[in-house]
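> There's a structure below that I have some questions on.
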Ligand code: FCB
């Protein structure tokens, strides 16, 4: 199954025939087996071992032990009726240390997983990089070192050569914004660096890795395989339509959205972003030919959406506390002087993120207009809540059901209004290691008891299975 081969007539009231129903996870968040079969540490192994970086000192050493329990997990996916499963490959499992030959034992794991998925009629959708950079590459500068982009392309080729005969949809990167700006700007994600120039440099090298990786995938994959990129684009809203608030929205739209969309789809960086950041850098890390590399055509765009971004003008002399949903004392946004971040209205999830499904509709219809004809996938959407386990062991999560219902209704509305959305991947299949929050935040539709590794589908899992079965939302 490939994403743009799907028919897309919209059935009255429902989702299009052939709409892909999926769920998503990421390697470091679920696999565990951190030192098994030749895997070497990633920046997240190092970061989670650094005192004070991850809540409770949690690490991904064991996580949901998916490395050993993938069969049970695929059986759960089959019970749900999933048509596709989005997961990530661990770079330090496949190419330990980030350089040199492929690690057969590491590839074998994904080989088994992919075969298990296919045996259950579930299409594997693989992301090459969901933030687990081999530590040795970080030691040499990580994403601030241009060399890392070339190592990524080699890794992409190794993965595609082994798995490309069975995986039809490949994603180069997951959320490079988070990796660059949280990882190198505010430092709340690995590798924990706090330098806005490093963040912008990392941003460019991640995009270069996307471009070089796309080329490597095209060379290694059979004709018809699809290459994609997943971005956490922001639904940016000005607080008022006054010129100062509109300018704050322009600035953040530049740093969240156009800083990706312009280079990837138009081969240029936005002039206003270059101007806004000129006091930090002259962008001389962008070399001749890079933008042509970065703007190689891709087959679809993945969008991860959780909550909108509301901004207003701020008084630089007396800045208001930043409420953009990202933890940490430092701002992840380079050059956000004069911008005030406010929460949207409405109820909040356990992450403190306001629930606002209209933002997803706004994003999808904007992309319909800005990138005509490009197939879109919602590659992540979901919510953390304090789930209630009743004395019988059942997990009731009505807030998550309401969140999913509202957001899927927004997707359906966007599709009805012509947005070419081909599928939806719920975040997440399993409760997992939620980065700096460790195991304290549960996003799964399947509860994981981390002490026993017992899996219990929550009410939301049954609800989602019914949506998948009927191809529509319950009334
Ligand atoms: C996204 C990440 C994903 C998960 C969700 C909640 O930013 O891609 O791994 O942590 O947020």
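The values are calculated or read from the model by the stated rules, or taken from the named source; none is laboratory data. If you're wondering where the values come from, they're calculated on a predicted model, not measured in any experiment. Please note: Cβ atoms are built from the backbone with ideal geometry, for glycine as well, and neighbour counts cover all protein chains shown.
> Examine region 394-401 for a residue that is in a helix (DSSP H, G or I), within 23 Å of residue 303 (Cα to Cα), in contact (Cβ under 8 Å) with a residue 12 or more places away in the chain and within 16 Å of the ligand (Cβ to nearest atom), and state whether such a residue exists. Lay out the reasoning, then the answer.
Of region 394-401, the ones in a helix (DSSP H, G or I) are 398-401.
Then drop every residue that is not within 23 Å of residue 303 (Cα to Cα), which leaves 399-401.
From what is left, the residues that are in contact (Cβ under 8 Å) with a residue 12 or more places away in the chain are 399-401.
Narrowing the set further to residues that are within 16 Å of the ligand (Cβ to nearest atom) leaves 399-400.
Scanning region 394-401, I find at least one residue that is in a helix (DSSP H, G or I), within 23 Å of residue 303 (Cα to Cα), in contact (Cβ under 8 Å) with a residue 12 or more places away in the chain and within 16 Å of the ligand (Cβ to nearest atom), so the answer is yes.
> Being assigned to a loop (DSSP other than H, G, I, E, B) and buried (at least 17 other Cβ atoms within 10 Å of the Cβ) is the filter here; which residues of region 151-165 pass it? Don't jump to the end; show me each part of the working.
Step one: list which residues in region 151-165 are assigned to a loop (DSSP other than H, G, I, E, B), which gives 164-165.
Scanning region 151-165 gives a single hit, 164.
> Tell me the residue from 144, 59, 148 that is buried (at least 16 other Cβ atoms within 10 Å of the Cβ) and within 16 Å of the ligand (Cβ to nearest atom), please.
On the way: 144 fails: within 16 Å of the ligand (Cβ to nearest atom); 148 fails: within 16 Å of the ligand (Cβ to nearest atom).
The match here is 59.
> Exactly one condition in (1) closer than 30 Å to residue 51 by Cβ; (2) away from the ligand (no atom under 16 Å from the Cβ) is not met by residue 383; state its number.
All conditions pass for residue 383, except number (2).
> Now for a separate question. Taking region 305-353, which residues are part of a strand (DSSP E or B) and closer than 25 Å to residue 195 by Cβ? I'd like the intermediate steps shown before the answer.
So the first thing to find is which residues in region 305-353 are part of a strand (DSSP E or B), and the list is 309-313, 339-342, 348.
Scanning region 305-353 gives 309, 311, 339, 340, 341.
> Which one is nearest to the ligand (Cβ to nearest atom), of the residues in region 223-255 that are part of a helix (DSSP H, G or I) and within 15 Å of residue 362 (Cβ to Cβ)? Quick ask: steps written out before the conclusion?
The initial filter retains those residues of region 223-255 that are part of a helix (DSSP H, G or I), namely 243-255.
Going one step further and asking which of them are within 15 Å of residue 362 (Cβ to Cβ), we end up with 249, 252-253.
Details: 249: 22, 252: 17, 253: 19 Å.
Ranking the qualifying residues of region 223-255, first place goes to 252.
> How about region 422-446: which of its residues are within 16 Å of the ligand (Cβ to nearest atom) and in contact with a strand residue (DSSP E or B) (Cβ under 7 Å, 6 or more places away or on another chain)?
If we filter region 422-446 for residues that are within 16 Å of the ligand (Cβ to nearest atom), which is where we start, we get 424-446.
If the condition is that a residue be within 16 Å of the ligand (Cβ to nearest atom) and in contact with a strand residue (DSSP E or B) (Cβ under 7 Å, 6 or more places away or on another chain), then 424, 425, 426, 427, 428, 429, 430, 431, 443, 444, 445, 446 are the ones that fit.
> Please determine whether any residue of region 99-109 is crowded, with 24+ Cβ neighbours inside 10 Å and not in a helix (DSSP H, G or I).
no
> Filter region 404-442 down to the residues that are part of a helix (DSSP H, G or I) and within 30 Å of residue 192 (Cβ to Cβ) and list them by number.
Across region 404-442, the qualifying residues are 435, 436, 437, 438, 439, 440.
> A follow-up question, please. Any residue that is within 12 Å of the ligand (Cβ to nearest atom) and buried (at least 24 other Cβ atoms within 10 Å of the Cβ) - is there at least one of those in region 455-475?
Applying the first criterion (within 12 Å of the ligand (Cβ to nearest atom)) to region 455-475 yields none.
No; the residues of region 455-475 include none that is within 12 Å of the ligand (Cβ to nearest atom) and buried (at least 24 other Cβ atoms within 10 Å of the Cβ).
> Here are some residues: 126, 153. Which one is within 16 Å of the ligand (Cβ to nearest atom) and at pLDDT 95 or above? Spell out how you get there, then give the answer.
On the way: 153 fails: within 16 Å of the ligand (Cβ to nearest atom).
Within the list 126, 153, the selection yields 126.
> Just one of (1) surrounded by 16 or more Cβ atoms within 10 Å (Cβ to Cβ); (2) more than 19 Å from the chain's Cα centre (by Cα) trips up residue 386, so point out which.
(1)
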